[in-house]
Amino acid sequence: MDIFLQLLVSGVATGGVYALIALGFVLIYKATHIINFATGEFMMIGAYLCYTFLALSGIPIIPTFILVMLCAAVLGFLVERTILRHMLGQPVISIIMVTIGLSSILVGLTEIIWSSQFESFPPLFPRAPLDLGFVLVRSTLAYGFAISMAAVAVFALIFKYAKAGVAMRATAGDQMAAFSMGINVKTMFTFAWALGAIAAALGGVIVGNIGGISPVLGAVGLKIFPVVILGGLDSIGGAVVGGFIIGVLENLAGGYLDPHFGGGVKEVAPFVIMVLILLVKPHGLFGKEDIERL
Amino acid sequence: MRIGDFKETYAADEAVFRTGTVRLWLGLLGLALAVFPFVAGEYLIYMANITGVAVVGAVGLNVLTGFTGQISLGHAAFMGVGAYTSAILTTRLGLPFLLTLPLSGVVAALCGLIVGAPSMRMKGLYLCIATLAAQVILDFTFVHWESMTHGIRGINLPPPSIFGLSLAGGQAFYFVIVTLAALAVTACRNIFRTRVGRAFIAIRDRDISAELMGINLFRYKLYAFGVSSFLAGMAGCLLANLLKVVTPEHFPLQLSIQYLAMIIVGGLGSILGSIFGAIFMTVVPEILRSSLGLLQGLDPQIMRYLFPLQTVIFGLLIVVFLVFEPHGLAEMWRRLKAYFRLWPFEY
Amino acid sequence: MTLLAVDNLTLAFGGLNVLSQVSFTVEPGQIFAIIGPNGAGKTSILNCIGGFYRAQQGRIFFDDQDITNISPDRRAAMGLARTFQNIALFRGMTVLDNIKLGRHAHLKTGLLSSLLYWGAAQREEMELRREVEESIIDFLEIEHIRNQPVASLAYGLQKRVELARALAMRPKVLLMDEPVAGMNAEETEDMARFILDIKEERDVTIVMIEHDMNMIMDISDQVVVVNFGQKIAEGNPRQVQSHPEVVKAYLGEKRER
């Protein structure tokens, strides 16, 4: 029972982090209908930037966070302006492949700039694990969870109430209609990419702080696909719920099944869960089926 | 300049190679391919063999993704299934190469059908992610089904032979690979001369109206998955017998992406493009490697950048082609031909 | 004898009622027009007949069979062909391939014989080519564009290619969604002539949605009028034209004083 609770709690914490990263994906998808396969690489860049400012330049933690978010926004902006802007109206496969190509470029550049050494962050938070009474949670995970949830809340509020957020939602609903209502759709696309990149970069910082950083950190990004598919690609609430489901189930599966398979279950479990759920609900748990027209 | 290309029968108009000139060039190409292993060194033959395997795999992926519009991120895993099938059948049951080759295709095709089955209810991105799941799950299986796959240590294969004739050397195996690649290309080209190929393209272009035109979407999507993974399995079997070893590391997600890159660079929905793409994506990294090798004298550290630089260039190629030449090398080839057809009287 | 019967069709998306209890019958050899204001549910009727939408209630009979639960591809094979309001050609194919595709359900080549393209598969393709050339391409006068990709064609020609593809399906009933929308007078006249020829020479029954009242009055045998998802009138063109409900739907209600 103790083990179960331990796995459950750390699963929830991991799920919170997944939710933040998935949000980075959903924000972009919702506004632009682009599947960003480079979300993991945005994370990785965020983590490396944080490492550079914090460990190599000795900048204090709060300014570092602000700098990371600024840089991520610039990255998202540049990516949208230089690449995705040219892909408007292209078939899905081209858009997917362009983001895959982008992720390859980002991985290569990261290795050239930072080398492919494994690095770890200087301690950001008190080392003592958080005692919930019935279980202990690693401090990096606990703080990571708290920051993720705060960030998710902020993003959700922006999307729901801020003027730009409302415009983004309008764009998501109907691009042409939004355009004719005087919303600058292209600006919205850029805005969405910047926001999505910030969310992913923050997620990367948290993941890097938990497990260290290397150019393969982006591989965690693959796990957001089960998360967002379960939650429905365009639902912020769904991303959060999907994050928790995947976080908890993969942790339980890893904890109980790893001894039988010799490890690695955590990496594959999200996909198995996703396939099982998709077989029952082909549009995920919250996604809605489009009414197709002729 | 070629003019006066008139056809008197519909059969002549429907032929793939429509003029004597084209057939002559094709004959010359065949001759060059036949002579090549006798004049080329071991390294070039090895490169040709790797390229040949890539052609088989890329044509297969193009049928599914380029022609039928179903994006697959699991192509490498299907190649893995073929490779493991051939390795296991060879080492456990001692089956000859000529049997393991088609069997690898069949087993991979069965896996492909299972992965394609959800296409009845899912499409587009959802299906794409389902193929990603197949890649991840099969990858896990290769590593962890120790009793069958020997985990990360992999399986070593004995040199293949056909009717007692050993194919141990690259030269002998070259002929197997080239023949098979030619067969695969011809068969796939043939598909698109019949109703089956037209149905594939119709599904890609507009699946709803395809169904209203009398096409059973599910059946034809499964066909596409079947053909594609069958060829992937055979390519995997060829690769296993070429390298004489199979490990999970040979079939990562990265390889699936590389095959997608081949058909994008070569030309989505073009058989010829699959060949161009396979050659291009195999040869360019080699050129890059050797040119960086030349620079090594200037700065011994430079090889450290080789791998990341390859990654960057790989990504750039995908992006640049998609943005500037979405129809790939095949389209550039077509323009080149159109230019020379009228040359020197362009106007 | 009735060829096509729509009985009590009711369709809703979520809470939105698109069609309610629409019924009509089409006799063989008719040109049957469905008219009504935009958004009245006309295209939805065709979509239900073609099988793209599943109605919540009601049945559809075609050729003495209940086809309500039959999949769209099998309905097409039975002889229901369709052209679309917003042209739905396959943009990656040439004109010729688009037309050949229409014959899909009547061809036999399977996957394995297509890989070989030998013997029967090849003969079938050659026979198809000859037939398509002689009975469709010649008829619709589109020889000059047969090898062009459809995406490069002018609008009017695309509409004609779509008709050609539908004819290749060997239809018993041809469902046409606004065949002359967006065409100029000359193109409209051509299309009307083709429609009449198809009806007379090929024994094809035509069900058509159209806004061009002149054409409706000229060529159709029977007209139903729908508004807000309900059938409000039916009859021959003359009867319908003077029907009070129709006048009301098109011109608005006279204000009560």
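The table that follows gives values for the structure above.
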{"quantity": "Selection status of C:Thr43, open to solvent by 40 Å² or more (accessible area, probe 1.4 Å), outside any loop (DSSP other than H, G, I, E, B) and of a type in the set (Val, Ile, Thr)", "calculated": "no"}
{"quantity": "Sole residue being buried (at least 20 other Cβ atoms within 10 Å of the Cβ) and away from every other protein chain (no Cβ under 14 Å), chosen from B:Phe230, B:Phe225, B:Phe251", "calculated": "B:Phe251"}
{"quantity": "C:Ile87 being among the hydrophobic types (A, V, I, L, M, F, W, C) and more than 10 Å from every other protein chain (Cβ to nearest Cβ)", "calculated": "no"}
{"quantity": "Residue match in region B:272-288 (condition: of a type outside the set (Asp, Glu), open to solvent by 20 Å² or more (accessible area, probe 1.4 Å) and more than 20 Å from B:Met47 (Cβ to Cβ))", "calculated": "yes"}
{"quantity": "Residue list for region C:100-147, filter: in contact (Cβ under 8 Å) with a residue 60 or more places away in the chain, of a type in the set (Lys, Arg) and facing chain B (nearest Cβ under 7 Å)", "calculated": "C:Lys100"}
{"quantity": "Output for region C:221-244, where each listed residue is in a loop (DSSP other than H, G, I, E, B) and open to solvent by 10 Å² or more (accessible area, probe 1.4 Å)", "calculated": "C:Asp221, C:Phe228, C:Asn236, C:His243"}
{"quantity": "Residue, farthest from C:Pro72 (Cα to Cα), within region C:84-99, restricted to residues that are open to solvent by 10 Å² or more (accessible area, probe 1.4 Å) and in contact (Cβ under 8 Å) with a residue 60 or more places away in the chain", "calculated": "C:Arg91"}
{"quantity": "Boolean, B:Arg153 is in contact (Cβ under 8 Å) with a residue 40 or more places away in the chain, away from chain C (no Cβ under 14 Å) and over 23 Å from the mean Cα position of the chain (by Cα)", "calculated": "yes"}
{"quantity": "Qualifying position, being at positive phi, more than 20 Å from the chain's Cα centre (by Cα) and either at the interface with chain C (Cβ under 9 Å from one of its Cβ atoms) or buried (at least 20 other Cβ atoms within 10 Å of the Cβ) (or both), among B:Gly214, B:Gly164", "calculated": "B:Gly214"}
{"quantity": "Test: residue in region A:233-241 that is at pLDDT below 80 and charged (D, E, K, R)", "calculated": "yes"}
{"quantity": "Single unsatisfied condition, A:Gly133 versus (1) open to solvent by 20 Å² or more (accessible area, probe 1.4 Å); (2) facing chain B (nearest Cβ under 8 Å)", "calculated": "(2)"}
{"quantity": "Qualifying positions in region B:180-205 - without any contact (Cβ under 8 Å) to a residue 40 or more places away in the chain and either surrounded by 23 or more Cβ atoms within 10 Å (Cβ to Cβ) or among the β-branched types (Val, Ile, Thr) (or both)", "calculated": "B:Thr186, B:Thr194, B:Arg195, B:Val196, B:Arg198, B:Ala199, B:Ala202"}
{"quantity": "Residues satisfying the stated conditions in region C:13-30, i.e. open to solvent by 20 Å² or more (accessible area, probe 1.4 Å) and among the aliphatic types (A, V, I, L, M)", "calculated": "C:Leu16, C:Val18"}
{"quantity": "Residues of region B:289-307 that turn out to be in a loop (DSSP other than H, G, I, E, B) and exposed (fewer than 12 other Cβ atoms within 10 Å of the Cβ), as a count", "calculated": "3"}
{"quantity": "Exclusive hit being among the β-branched types (Val, Ile, Thr) and within 14 Å of chain C (Cβ to nearest Cβ), set B:Val22, B:Val35, B:Val55, B:Val59", "calculated": "B:Val59"}
{"quantity": "B:Phe276 among the aromatic types (Phe, Trp, Tyr) and more than 14 Å from the chain's Cα centre (by Cα)", "calculated": "no"}
{"quantity": "Residue count, region C:51-77 (criterion: surrounded by 23 or more Cβ atoms within 10 Å (Cβ to Cβ) and within 21 Å of C:Arg202 (Cα to Cα))", "calculated": "2"}
{"quantity": "Of the criteria (1) within 13 Å of another protein chain (Cβ to nearest Cβ); (2) at pLDDT below 80; (3) surrounded by 15 or more Cβ atoms within 10 Å (Cβ to Cβ), which one A:Ala269 fails", "calculated": "(2)"}
{"quantity": "Selection status of A:Val248, surrounded by fewer than 20 Cβ atoms within 10 Å (Cβ to Cβ), on the phi < 0 side of the Ramachandran plot and more than 13 Å from chain B (Cβ to nearest Cβ)", "calculated": "yes"}
{"quantity": "Candidates B:Ile137, B:Ile177, B:Ile129, B:Ile208 - the one that is open to solvent by less than 10 Å² (accessible area, probe 1.4 Å) and facing another protein chain (nearest Cβ under 10 Å)", "calculated": "B:Ile129"}
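Rundown of residues vs (1) under 23 Å from A:Pro60 (Cα atoms); (2) surrounded by fewer than 16 Cβ atoms within 10 Å (Cβ to Cβ), yes/no style:
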position: A:Leu124; (1), (2): yes, no
position: A:Gly144; (1), (2): yes, no
position: A:Phe155; (1), (2): no, no
position: A:Ile158; (1), (2): no, no
position: A:Tyr161; (1), (2): no, yes
position: A:Ala167; (1), (2): no, no
position: A:Thr171; (1), (2): no, no
position: A:Ala177; (1), (2): no, yes
position: A:Thr190; (1), (2): no, no
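The values are calculated or read from the model by the stated rules, or taken from the named source; none is laboratory data. None of these values were measured; they are calculated from a predicted model. Neighbour counts are summed over all protein chains in view; Cβ atoms, including those assigned to glycine, are modelled from backbone coordinates with ideal geometry. Just so you know, the surface numbers come from the protein's heavy atoms only, side chains and all, with ligands and any DNA or RNA stripped out. Shrake-Rupley method; radii C 1.70, N 1.55, O 1.52, S 1.80 Å.
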